[in-house]
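Note sheet for the following structure.
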Amino acid sequence: MELTRRSLLKAAAISSAMIAAGCAQKEVATPELKEPEKDPVEVKAQSIEPDEWKTSVCRYCGTGCGVLVGVKDKKVIAVKGDPENRSNRGLNCIKGYYLGKILFGKDRLTKPLIREDNSKKRTMDGFREASWEEALDLVASKIKEARAEGPNGAAFWGSGQMTVHEGYVMSKFWKAGLKSNCIDPNARLCMASAVVGFMTTFNSDEPMGCYDDLDLADTFVTWGANMAEMHPVLYSRIAARKLSGTDVKHYDLTTYHTMTSENADKVLIFRPQTDLAIANCIANYLIQTDSYDKQFVKDHCQFFGGTEDLGHTWDDNYDASEIGQKVMGHEEITFEDYKERVSVYTFDYVAELSGVPAADLEALAKEFADPNRKVMSTWTMGVNQHTRGTWMNNLIYSVHLLAGKISQPGCGPFSLTGQPSACGTAREVGVFSHRLPADLVVGNPDHRKFTELIWNLPEGYLEENGVDKPGFHTIKMFRELGNGNVKFLWSMANNWAQTLPKTNRYRGIDENGKGVIDGFIVVSEVYPTRSTEMANVVFPAAMWVEREGMFGNAERRNAIFEKCQEPPGEAKWDVWTMVQLAKRVLEGEKIGEKDAFDVLFGKDGTDIWDYANNDLIDEHEACEKLWNEYRLFTAPHLHPNTEVQEMGAKLKTRAKELGPYSEYLKQHGMRWPVREKNGKWLETKWRYANGKQEDGYDEIGIELMGDGKKKYKDLDFYKSWEDHKPRIYFRPFEEHAEVPDEEYPMWLCTGRVLEHWHSGSMTRRVPELHRAVPEALCEIHPDDAAAIGIQDKDYVIVESRRGKTRVKATTTGRGKPPKGLVYVPFFAEETMINDTTLDVHCPLSKEPDYKKCAVKVYKA
């Protein structure tokens with residue numbers, strides 16, 4: 001009998017999860033081999049019967065795939081795709097297939113740990129187990145000490161892997177309780193350029209389209225996005241569209257040939273950084289050939305220029321420099337000004353600069369110029385992790401705006417995300433150092449006042465306590481930790497000691513990183529990592545479905561995952577830990593005339609504290625109450641205070657309107673803005689596009705916030721300033737901070753692989769995934785390998801001006817780098833490729849560039 005690979009993998013995944021969970025299988029008779037129509041492995045797999053299936057969301061990337069979790073004897077025993085979740089329609093990638101196994105690694109952290117020997121940082125030695133009471137009291141005392149140093153003395157580094165509830169609690173605790181904006185998420189490392197790009201172009205964050213566009217577009221353009229490995233479920237929809245559609249094309253812009261390139265109709269391999277010139281080249285073509293959408297531009301667009309010649313952020317104090325303070329500068333320009341500025345980006349000039357043939361550039365430009373083709377652009381870290389990442393985001397939007405291909409089914413620029421809730425948590429609830437919930441920012445007086453009203457804070461409270469200015473962004477935060485100026489750091493749901501760029505500094509090896517050794521560091525984690533090695537206290541955390549939560553994905557979909565089993569040992573829900581610490585740190589403090597803790601989380605605020613038991617209330621009830629309060633930022637018309645209603649209308653916060661908590665479970669997730677019509681809660685697929693709400697258009701949003709004018713293509717960009725016009729920015733080509741030279745002659749690009757996610761702390765504990773890709777490899781061109789005298793699978797040293805690492809090289813990997821470029825993934829903690837990368841970042845978004853730096857490669 002022939003066993004299918006699918007059935008074998010399915011049975012192995014389910015059976016192994018059951019064994020790990022300590023559950024028994026139902027006894028069944030093995031079918032006789034003479035019955036070829038039956039697959040015994042499939043029969044055995046199907047015979048495992050969970051007590052119930054619970055609704056959940058995948059723990060990995062920003063696709064936000066829905067999954068159903070099978071529970072037996074109160075343990076997770078199986079995971080399968082959720083066909084009712086509209087983001088993935090039941091499909092999972094290989095990581096999602098084995099998702100349940102991430103819960104059962106043998107080295108789960110189950111008790112609080114306190115370090116007794118600082119000299120043993122960078123190892124897991126020097127810890128002792130402690131009670132929660134002792135660990136919480138110690139950490140609370142250290143927060144108080146650090147606060148005495150000033151508003152940036154204590155820092156929190158959060159994550160796009162925290163739930164919406166966790167991010168909301170921490171944002172409120174840090175900004176209103178500790179009176180500090182020294183809080184930032186790891187999304188600064190992956191999505192900040194997208195955020196600033198959205199805000200500067202549209203005055204509102206996140207895409208206007210959705211995944212449905214993948215099923216409708218005629219032309220796909222991937223800009224620095226290896227979707228086949230990083231977003232395989234979404235890439236499958238591009239493949240399906242190419243198979244089912246007529247004359248569907250895919251252009252892949254990339255610095256090296258990836259799995260995504262394999263099925264592209266045209267692969268445009270460009271010299272790193274010259275994507276800036278390519279985007280300008282397309283804009284120039286549209287104008288020079290008079291093929292831009294004139295009516296769209298007239299009705300919907302305005303033109304802007306910004307500060308140029310920004311230099312690079314090598315210096316710790318770049319932000320305070322003369323140029324650093326001007327990076328967000330902008331001024332309105334005329335169409336003729338814009339036309340003149342882009343005119344230098346001819347096909348010949350850009351071909352010479354980028355290495356992409358002029359004919360290929362023209363072919364791509366013609367896709368945008370053709371009024372009958374629907375074009376969808378997607379991008380991820382190749383665009384965002386860029387020393388001009390904000391500019392690149394602006395430029396992609398500008399091309400779509402010029403072509404009039406935006407906010408319509410099958411047409412639009414779509415920024416993909418890498419973490420399950422980089423959108424829903426890091427961005428939407430205000431975990432960034434400059435943000436408040438719902439597109440609000442700390443620097444805007446009206447935004448602060450609106451926040452004070454919802455949080456029951458006295459008017460002027462945030463400004464009076466210094467929360468009117470942004471705190472340290474991620475790279476500044478860790479630079480100052482290294483310099484000894486940040487005294488306390490608490491990190492959660494991330495692995496910064498492996499994933500930050502230039503890790504030698506942030507692991508306290510470099511001289512300007514010694515403060516990391518002396519500082520007091522708290523890490524909330526589920527497994528030992530490079531970051532727990534740097535900790536003074538480790539809080540063991542509940543993982544994924546060991547608590548209830550919600551993630552918000554790349555297409556604006558918020559989805560609940562139900563609690564399925566208890567966390568192991570003494571591991572706790574992060575919200576419990578946050579609130580317990582808030583109770584201790586804020587003891588004796590007042591907000592106005594009331595107890596500070598009561599105002600934030602107790603009887604005068606969110607009301608999630610059980611005074612009788614001196615503990616958090618029921619978990620589900622806490623989630624619902626936190627959601628209800630957060631929801632008011634986006635649904636101010638439901639607030640009893642008329643001032644909140646009026647301010648919310650003025651600020652147009654209903655542009656991000658959220659629905660009742662229970663509805664998200666009922667519908668297996670919904671895309672905001674969520675509107676009530678005729679007693680039904682309806683999601684929005686295409687923001688700013690008029691049409692029936694029932695069909696996914698933004699009918700109610702335009703009724704509420706549009707200017708009432710009939711406009712071309714029935715669009716109204718109602719969040720885009722008073723004139724409702726997005727901004728087309730001119731952003732020039734500026735060279736990268738570090739280019740190859742005689743001493744360091746090659747480019748280094750870093751990223752992920754299909755089987756592993758981020759630093760591998762979860763996926764490398766899944767045996768099947770680890771066996772598939774047990775080590776990181778350095779992909780190198782055969783000619784470069786021959787030049788340095790290595791064979792396939794020889795070890796090489798990859799060395800930059802910041803550090804070096806030893807890694808096995810391959811000329812036969814999935815990727816095919818051009819001569820002069822190597823690619824190394826960052827999932828392997830034994831390889832630590834980030835010892836070599838740059839912490840130079842985009843001056844606007846503060847997001848570092850992991851995709852290019854100069855290295856030399858030689859035989860180990």
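Computed over all pairs of different Cα atoms, the Kirkwood value for the hydrodynamic radius of segment 395-515 is 17.6 Å.
The modelled label-to-label distance for the pair residue 692/residue 739, using points 7 Å beyond Cα in the direction of Cβ, is 5.6 nm. Taking the DSSP beta bridges with both ends in segment 711-860, the antiparallel portion is around 65 percent. Between residue 290 and residue 589, the modelled labels are 6.5 nm apart [label points 7 Å from Cα along Cα→Cβ]. Each pair of Cα atoms in segment 641-721 enters the Kirkwood radius, and Stokes-Einstein at 20 °C and 1.002 mPa s then converts it into a translational diffusion coefficient of 161 µm²/s. A protection proxy built from the mean count of other Cβ atoms within 10 Å ranks the segments 472-478, 777-783, 117-123, most packed first, as 472-478, 777-783, 117-123.
The shape of the chain comes out rounded: with a ≥ b ≥ c from the C-alpha gyration tensor, a/c is under 1.5. Rolling a 1.4 Å probe across the protein heavy atoms gives the chain an accessible surface of 34 Å² per residue. Working note: 222 nm ellipticity from helices only, DSSP H runs with n ≥ 4, each -39,500 (n - 2.57), summed and divided by the residues of the chain, gives -8000 deg cm²/dmol to the nearest 500.
Checking every one of the trypsin sites (Lys or Arg not before Pro) in segment 697-797 against DSSP loop status and a limit of 16 other Cβ atoms within 10 Å picks out 709, 710, 793.
Per residue, the average separation of C-alpha pairs within less than 8 Å and at least 6 apart gives the chain a relative contact order of 18 percent. The stretch between residue 859 and residue 637 holds 73.4 nm of extra length on full extension. This uses 0.36 nm per residue minus the Cα-Cα distance.
Backbone geometry of segment 688-694 corresponds, through the Karplus equation with coefficients 6.51, -1.76 and 1.60 at θ = phi - 60°, to 3J(HN,Hα) couplings of 6, 9, 6, x, 5, 4, 4 Hz, x marking Gly and Pro. Once you reduce segment 510-530 and segment 109-131 to the center of their Cα atoms, the two points are 12 Å from each other. Loop-resident GluC sites (Glu not before Pro) (DSSP state other than H, G, I, E or B) in segment 100-181 with no more than 12 further Cβ atoms inside 10 Å of their Cβ: 116.
When the square roots of the Cα gyration tensor eigenvalues are ordered a ≥ b ≥ c, the ratio a/c for segment 456-594 is 1.5 or more and a/b does not exceed b/c, which makes its shape oblate. Here the gap between residue 768 and residue 791, fully extended at 0.36 nm per residue and compared with their Cα-Cα distance, gives a gain of 5.5 nm. Compared with the alpha-carbon gap, the fully stretched path from residue 646 to residue 721 is longer by 25.2 nm at 0.36 nm per residue.
Which value results when the Cα radius of gyration for segment 209-315 is divided by 2.2 N^0.38 Å?
Segment 209-315 yields a ratio of 1.30.
Amide H to amide H, with H built 1.01 Å from N, residue 109 comes under 5 Å of 527, counting only residues 5 or more places away or on other chains.
Within the accessible surface of segment 464-583, defined with a 1.4 Å probe on protein heavy atoms only, the carbon and sulfur portion equals 45 percent. What whole number of Å gives the distance from the Cα centroid of segment 808-823 to the Cα centroid of segment 364-388? Their Cα centres are 25 Å away from one another. Applied to segment 324-329, the Karplus parametrisation 6.51 cos²θ - 1.76 cosθ + 1.60 on θ = phi - 60° returns per-residue 3J(HN,Hα) values of x, 7, 10, 5, 8, x Hz, with x for Gly and Pro. A convex hull fitted around the alpha carbon atoms of segment 63-208 yields 201 Å³ per residue. For segment 210-249, averaging the sequence separation of C-alpha pairs within contact (under 8 Å, six or more residues apart) and dividing by the residue count gives a relative contact order of 52 percent. When the chymotrypsin sites (Phe, Trp or Tyr not before Pro) in segment 512-621 are filtered for DSSP coil states and for at most 12 other beta-carbon atoms within 10 Å of their beta-carbon, the remaining sites are 611. Cα centroids of segment 469-504 and segment 145-205: 12 Å apart. Relative contact order of segment 424-474, taken over Cα pairs closer than 8 Å and 6 or more residues apart, is 31 percent.
Couplings 3J(HN,Hα) of segment 152-162, computed from phi: 9, x, 10, 10, 10, 10, x, 6, x, 9, 6 Hz, in residue order, whole Hz [Karplus 6.51 cos²θ - 1.76 cosθ + 1.60, θ = phi - 60°; x for Gly and Pro]. The DSSP beta bridges internal to the chain are antiparallel in roughly 50% of cases. Along its principal axes, segment 277-424 has C-alpha extents of 49, 40, 35 angstrom, given from the largest down. With a/c under 1.5 counting as rounded, go ahead and sort segment 133-270 into rounded, prolate or oblate using the C-alpha gyration tensor (a ≥ b ≥ c being the square roots of the eigenvalues; past the cut-off, prolate if a/b is larger than b/c, else oblate). Since a/c reaches 1.5 and a/b is larger than b/c, the shape of segment 133-270 is classed as prolate. Debye sum, Cα scatterers, segment 751-860, no solvent: what log₁₀ I/I(0) at q = 0.12, 0.13, 0.18, 0.19 1/Å? Log-scaled intensity ratios, in q order: -0.42, -0.50, -0.91, -1.00. Note on segment 626-717: with neighbouring protein chains present and a 1.4 Å probe, carbon and sulfur make up 49 percent of its accessible heavy-atom surface.
The values are calculated or read from the model by the stated rules, or taken from the named source; none is laboratory data. Remember, predicted model here, so these are calculated numbers, not experimental data. FYI the Cβ positions are ideal-geometry reconstructions off the backbone, even for glycines, and counts take in every protein chain you see. Side chains are part of the model used for accessible areas, which takes the heavy atoms of the whole protein and leaves out ligands, DNA and RNA. Shrake-Rupley method; radii C 1.70, N 1.55, O 1.52, S 1.80 Å.
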